[in-house]
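We did not get these values from a lab; they are worked out from the coordinates using the rules stated. Everything quoted here is computed from the prediction, not taken from an experiment. All Cβ positions, even for glycine, are placed from backbone atoms using ideal geometry, and neighbour counts span all protein chains on display.
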Amino acid sequence: MTTLKSPVTLTIDGKSITVEKGTYVIDAARQAGIHIPYFCSHVKLAPDANCRMCLVEVEKMPKLQTSCNLPVAEGMVVRSTSEKAEQAHKSVMDFILANHPLDCPMCDQGGECELQDRTHAYSDNYSHYTEAKRLPEKRYFSPYIEREMSRCITCMRCVRYCDEVLDVKAIAAVNRGDRVEISTFMDRELDCEFCGGCVQICPVGAFTNRVALYDYRPWQLKKTETVCAYCADGCTLTLESKVSENQIVRVTSDWEKGRNLGDLCAKGFFGYHMINSPERVAAPMIRQDGRLVEWPWIEAIEAAAQRLSEIKRRYGAEAIGGVISARCTNEEAYLFQKLLRLAIGTPHVDSSARDGHLNSVRALTRVAGHGRMTAPYEAIEAARVVMVIGADLTETNPITALKVKAAVRKHGANLITVGPYLKEIGPISNLVNLSQAPLTVTPGSESMVVRALVKAVVEERLIEPSVAAQAQTYVARVEAAVTQLPWPVAEARTGLSADAIKAAARSLSGAERAVVLFGPELTRQAGGYDAVCALADLAILTGLYSKPGSGLNPLCEENNEMGVVEMGAAPEFLPGLIDVRNEAARLRLREAWKEELPSATGWSLTQMLEEARQGRLKALYLVGEDPLGSLPASSGVRQALQSLELLICQDPFLTETGRLAHLVLPAAGFAEKEGTFTNHEGRVQRVRRALEPVGEALPDWDIFGQLAAGLGHPLDYASAGEITDEIRRVLSDRPDGRIDGAVMAQYLADLTAEELEARYRPGPGAASERGRGGGSMTLVISQSLFHSGKLSRRASELMRIEPEGRLQLNPSDAERLGVEDGDMVRLRTMDGSASREAVVPAVRRAKIAPGFCRFPGHFPEAGVKELVDWSVDPVTQTPYFRSGRVMIEKAVGAAATASVQAAAREGV
Amino acid sequence: MAEVVLFRNRDLPGYTGSLADYERQEGYAALRLMFKQYPPAELIELVKRANLRGRGGAGFPTGMKWSFLPKERTVTYLCCNADESEPGTFKDRELMTVDPHQMIEGIVIASYAIGAHAAYIYMRGEFASEAVIVARAVQEAYKAGYLGKNILGSGFDLELTLHRGAGAYICGEETALLESIEGKRGLPRSKPPFPATHGLYGKPTVINNVETLASLPHILRRGAEWYASIGSPPKSPGTRIFSVSGHVKRPGNYEVPMGITFRQLIFDLAGGMKSDRPLKAFIPGGASASFFTPDHLDVKMDFDEVAKAGSMLGSGGVTVMDDSVCMVWAAANLLRFFHHESCGKCTPCREGSNWLLRVLRRIEHGQGRLTDLDLLPQVCGNIAGRTVCAFGDAETAPVVSTLRHFRAEYEAHITRKECVMGHARPPVDAATAHPISFAGH
């Protein structure tokens, strides 16, 4: 037992119990194994004491007390089973059941209903109530969530969850007394984040999942606990399936488990239809006479092996490259790089984590030895100051956003949001609303804000004393470097006053515990690597690396970006984030693997495409990757892919790239395989198989094994677990998320004045920051709460919630353009003499700063991605294709652009 | 008759309640005296010595309420509870309209005592014309320097905001009142914590009734000893305004010293029974108080004597019923009110008010069962003392007390299957149907 800070001893039902001061009696009882009945109380919520079910007798108190909000006191004597208390429990049951319809046989909650369970345990077997039951009028609520108010026991858990946890308030109680109903503003159709929290937290069947309405009896479903495959928040899910139909019926999550502790977002709760999507590829396909035709597995593998061997023989192994999706498991990423590096013998292995995450890993590994969050979720919640920079967190990482909300709302943390965002009350929560002094910046200037913050820390003497003492040379060099950045320049470019920046710097460095989270609008924008390096300076100087409970946290988009890089699916890293040039480490790996590693420097994804165009890369093995669908035409991706002699696409779906492939291999989805994912905190979590793979699909690791055998270089594993074991063995000495002091010391000593000067030089000026497009509005391709890459496009319910991309812009800009919600707008860029355009529907969002607009990146067919600037990071080879300058006008009577037209204009 | 304190200006010829009129009657003199002579701590002591007890209903000692505020506090709020909604009570309404500055002066005094620089008047939503009068008075007070920055050159600042309710009875409950001011649904909070530590916007807050606050200028001007000596000392000093309604000849507000008997109030002051029919029952302190019978006419009207006799002085609303009134109807009628006003937050009150109403209506309409007479007190017992706020106790009082005093009348309704008082009845079907439609309201 852990020692208590201020122990309080009380007696409950004759049992002496010692708990922490401030504990509520109901929780103290639970710790002692005594169950006091309740309805409205919930581990996620502040006590409300409205159901009155948890009444107990307390000595020296004349009235019965609600134990859910009664703090323990020394010497308190509580009775939950005395005659008086038991009579109270029965009477509350009598009241609650008075108007309950008891339609249990057809209620979806039947079998997991708290009211059923309590009735069984605490009620007389008959009701004293013989009057007519109330029958609320049934009214339409939502396509996704079913509302049955006759079953509601008015515990308000749903309303409280929506407010306290989500900070949304999409639902509320209306009317009074026994006419209380849960409804939306003006009884409109529910418009919210669709996190499913109200369904999950409802103790009865008042809110149920309408998508699965009457589809199941809970006890008949097979429950598989696994990890979500959408974003990197790493939520634990319970996939509930019908075994006979091999179908997921619904998703739930245990309130006491996982990193999410039961909280989910729309993707987790409603996004499961991609698993059983009718669009899944069921069998391998080979291109014959220009068409893809189904082919038996054994021959498809043989064909793949043969053609790879042929290309290797003819052009050398280095003419072959492979890219794996960061949605694959650690085991698959590990095996993939082994397949390429050992079985094929090529150093060219990369992953989709190249798209931004490598900027974080490369920068942070230099500083701390790894690229994980240094402040886990618990630390975010407990922080006194939280800064979120370069991410609209609710949209990009909704569960991480909940931790930030909890920090502010439950623990009173000071939140500083940095981005082109304003306050907005709406159906989707907005962290800016919780920030007392949000920094609303000029779009695209986030990296300049970071530099200015460093300047403020240095100039205002806010440097953490231990750092100032131990790293004098480094501090002096930073001090010298920031002098190149005059305040007027920083102010002009960020749109912030120096005072605002200094105030934020003071909050950050003065906080006992501070956490900085940063995301795609920093890492996926030109100069991303330098920006993360500057952010690391900020973290070092303000003590984020040294103060307990503080940290610098990179945010990832795809579920296993952290893992695939750590597994060595990157040309610059061997498994364990070992620099591929580190001879000693290579030697150790060679011993473990008992094989020689290729010695040449590998190519990144962007380099591979370039080399393919140049004719040096002949074969590309894509696992779950669809560069044609993702990258803008200006990247030359189509020419690159068409130049290949062999293109293998291994994917659960037939993607745009897949349609060009010579060979398509059907891969199992996350619900159909075993393995592990590493979330952005660095937590390695088990992925479990819930279903049999669709058709003939196989887990990626299985396909790699078969292919290796076909190549005459067996990589034999009987299960994913065997690969996990090998990873553990090989990486036993690698860092586990702790900051590597030796690495940091080395970094501080090695960092040259020249590099620092380059980092803080304001750059060639406003012209380049504005982008090439020439328009007056800054366009950013963003992430939506309801989507994740293009995978969510296969999830029917998510597509119902957000079926199309809409250009979000500030109402003042909309007014200037004469645009209302749903109106078509034409976006145009001029690059030299070439003009490109896309026509998309617009929507007004008060949150979006004037002059800024964003379009969700999940809808490439809209052609908006063709309007952005394309560049590649000189250090990390990260492709940048998410922002540009555009001209916008109202497009009267125009239809939305299709990607085909956009591509045609490009002449590709 | 003993002296009139709170209503002393009411009957002055030509008195309009304007600032000028009020000032002519020594208005705001207490304030000047206070700034000159009383530091806040001494002011609190003064009110304690006067033993002023809250006039909103519970009769809690005002000075003690003030001293429950935590020593260390940054922001303190004062709320004047002007949400007078109790059926049968209409004293604050007259106090506010006849002499609004008396209340405002009291608010400034209380705010100064507790160190509040922001105060709110939470006024019942239905008080439309009253709100105009009070708003005008607040404006006058600001202009004259009795509110705002540096009041009367004392260095003390106070911002006073008039906040109007939206028509819910429950918002007179002090924590529901706070929620309502905060812009939330007016639902009572679960206590503890109490408003003294966690009140408006989570800050230490005092909530005082209009009549309580209006008493303060007088205590200041005339001294604690004077106040403590009038009325029914030592425990119920001072005068009290009683609102008399129902079957009396002269209904209205009567300011009397605490401690007179109900007989004096009903028969001497209010002129006795209208139509000279015999008195059957009366409610001594607003709809939340238990019924009394003619046997209780000589009970002394102070907090403790009324409590000892089994009811409460509550908000001072005395409702008188003659022998034409059916007691089952009276209970059902009050339950119709309580059912309509139950906020719905906690189970026993929400479900219980509906249950009680339905059973009472059945009995009233001749559909009762003898077992109902055991069921009613049982349901009441399951509500009272188990709810978030005192509303639960209030809604059971009419049922329990009419059953106690008039059980035979209930039994007669049941056995004779009709109203024994011969009241005209709507058809039974319509009456037993749910009283409120659920179609969206």
(request) Please compute P(r) over all alpha-carbon pairs of the stretch B:19-229, binned at 10 Å starting from zero, and give each bin as a whole-number percent. (result) 9, 38, 39, 14, 0
(request) For each pair in B:91/B:249; A:44/A:403; A:90/A:133; A:15/B:191; A:44/A:169; A:60/A:84, compute the distance between the two Cα atoms and list the pairs where it is over 21 Å. (result) A:15/B:191
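So if I take the alpha carbon set of the stretch A:516-605, get Rg, then get Rh from the Kirkwood formula, what is the Rg over Rh ratio? Display every interim value, and only then the final one.
Numbers: Rg = 16.2 Å, Rh = 15.4 Å.
Result: Rg/Rh = 1.05.
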(message) Just to be sure I understand: if I project the alpha-carbon convex hull of the stretch A:225-370 onto a plane and average over all orientations, what area do I get in nm²?
(response) 12.8
(request) Round to the nearest 0.05 the FRET efficiency obtained for residue B:117 and residue B:33 when R0 = 22 Å and r is the Cβ-Cβ distance. (result) 0.60
(request) Can you grab the distance from the C-alpha centre of the stretch A:525-580 to the C-alpha centre of the stretch B:62-83, Å, no decimals? (result) 52
(request) Could you calculate the FRET efficiency of residue A:87 with residue B:293 from 1/(1 + (r/R0)^6), where r is the beta carbon distance between them and R0 is 30 Å, rounded to 0.05? (result) 0.45
(request) For residue B:126, enumerate residues with amide H under 5 Å from its amide H, sequence gap 5+ or separate chain, H modeled in the peptide plane. (result) B:167
(message) Over all directions, how big on average is the projection of the convex hull of the alpha-carbon atoms in the stretch A:358-554, in square nanometres?
(response) 9.9
(request) Starting from the coordinates of the alpha-carbon atoms of the stretch B:327-432, obtain the Kirkwood hydrodynamic radius over all distinct pairs and give the value in Å to one decimal. (result) 13.6
(request) Could you list which residues have their amide H under 5 Å from that of residue A:825, counting only those 5 or more apart in sequence or on another chain, with H placed in the peptide plane? (result) A:840, A:842, A:891
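Would you mind counting up the charge near residue A:108? Only other residues with Cβ under 15 Å from its Cβ, with Lys and Arg at +1 and Asp and Glu at -1.
Net of charged neighbours comes to -1.
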(message) Just to check I understand the Karplus step: with θ = phi - 60° and J = 6.51 cos²θ - 1.76 cosθ + 1.60, what whole-Hz values come out for the stretch A:262-278, glycine and proline as x?
(response) x, 6, 9, 10, 4, 5, x, 7, 10, x, 7, 6, 5, 5, 9, 4, x
(request) Compute from the Cα atoms of the stretch A:105-274 the Rg and the Dmax, the latter being the longest Cα-Cα distance, and quote both in angstrom. (result) 16.6, 54
(request) Taking every pair of Cα atoms in the stretch B:154-262, average 1/r, invert it to obtain the Kirkwood radius, and report Rg/Rh to two decimals. (result) 1.05
(request) Decide, for the stretch A:459-540, between rounded, prolate and oblate: order the square roots of the alpha carbon gyration tensor eigenvalues as a ≥ b ≥ c, take rounded if a/c falls under 1.5, and otherwise choose prolate if a/b is larger than b/c, else oblate. (result) rounded
(request) Give the calculated FRET efficiency between residue A:133 and residue A:175 to the nearest 0.05, with a Förster radius of 22 Å applied to their Cβ-Cβ distance. (result) 0.80
(message) Taking just the alpha carbons, could you work out the radius of gyration and Dmax for chain B, both in angstroms?
(response) 22.4, 73
(message) Test of understanding: extend the Cα→C-beta vector of residue A:291 to 7 Å, then name every residue of the stretch A:648-664 with backbone N under 17 Å from that spot.
(response) A:659-664
(request) Pop out the ³J(HN,Hα) list for the stretch A:824-830 in order, Karplus 6.51 cos²θ - 1.76 cosθ + 1.60 with θ = phi - 60°, rounded to Hz; leave Gly and Pro as x. (result) 7, 10, 9, 9, 9, 10, 10
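Beyond 23 Å, what percent of the Cα pairs of the stretch B:238-322 remain?
For the stretch B:238-322, the fraction of Cα-Cα distances above 23 Å is 8 percent.
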(message) If I take every Cα pair under 8 Å that is 6 or more residues apart in chain A, average their sequence separation and divide by the length, what percent do I get for the relative contact order?
(response) 13
(request) Find which of A:860, A:119, B:296 sits farthest along the positive direction of the dipole of the protein assembly as shown, computed with +1 on the beta-carbon of Lys and Arg, -1 on that of Asp and Glu, about the Cα centre. (result) B:296
(message) Let me understand the protein assembly as shown better: what is its radius of gyration from the alpha carbons, and its Dmax, in angstrom?
(response) 37.1, 121
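What is the antiparallel percent of DSSP beta bridges lying wholly in chain A, to the nearest 5?
Roughly 60 percent of the DSSP beta bridges within chain A come out antiparallel.
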(request) Enumerate the lysines that residue A:594 could reach by cross-link, defined here as Cα to Cα under 21 Å, with residues fewer than 8 away along the same chain left out. (result) A:338
(message) Based on DSSP loop calls and a cut-off of at most 16 other Cβ atoms within 10 Å, the longest stretch of chain B free of exposed GluC sites (Glu not before Pro) is what?
(response) B:183-417
(request) Over the alpha-carbon set of the stretch A:704-833, work out the extent along each principal axis and list the three values in angstrom, largest first. (result) 63, 53, 34
(message) From the alpha carbon gyration tensor of the stretch B:296-371, can you work out the equivalent ellipsoid semi-axes (sqrt of 5 times each eigenvalue) and give them in Å, largest to smallest?
(response) 26, 19, 11
(request) List, in order, the whole-Hz ³J(HN,Hα) value for each residue of the stretch A:843-849 obtained from phi through the Karplus relation with A = 6.51, B = -1.76, C = 1.60 and θ = phi - 60°; use x for Gly and Pro. (result) 9, 7, 9, 5, 5, 6, 5
(request) Could you list A:341, A:581, B:124 in order of exposure, starting from the residue whose Cβ has the fewest other Cβ atoms within 10 Å? (result) A:581, B:124, A:341
(request) Once you have a ≥ b ≥ c as the square roots of the Cα gyration tensor eigenvalues for the stretch A:771-906, tell me rounded if a/c is under 1.5, and otherwise prolate or oblate according to whether a/b is larger than b/c. (result) rounded
(request) Put one equal scatterer on each alpha carbon of the stretch A:79-147, apply the Debye formula with no solvent term, and list log10 I(q)/I(0) at q = 0.16, 0.25, 0.27 1/Å to two decimals. (result) -0.69, -1.20, -1.28
(request) Would you mind pulling out the separation of the Cα centroids of the stretch A:186-219 and the stretch B:243-258, in Å? (result) 55
(message) To check my understanding: the extent here is largest minus smallest coordinate of the Cα atoms along each principal axis. What are those three numbers for the stretch A:7-98, in Å, largest first?
(response) 41, 30, 23
(request) Would you grab the residues whose amide H sits under 5 Å from the one on residue B:248? Only those 5+ places off in sequence or on another chain, please, with H modelled 1.01 Å from N. (result) B:274
(request) Would you list which lysines come within 21 Å of residue A:455, measuring only between C-alpha atoms, while excluding same-chain residues fewer than 8 positions from it? (result) A:502, A:547
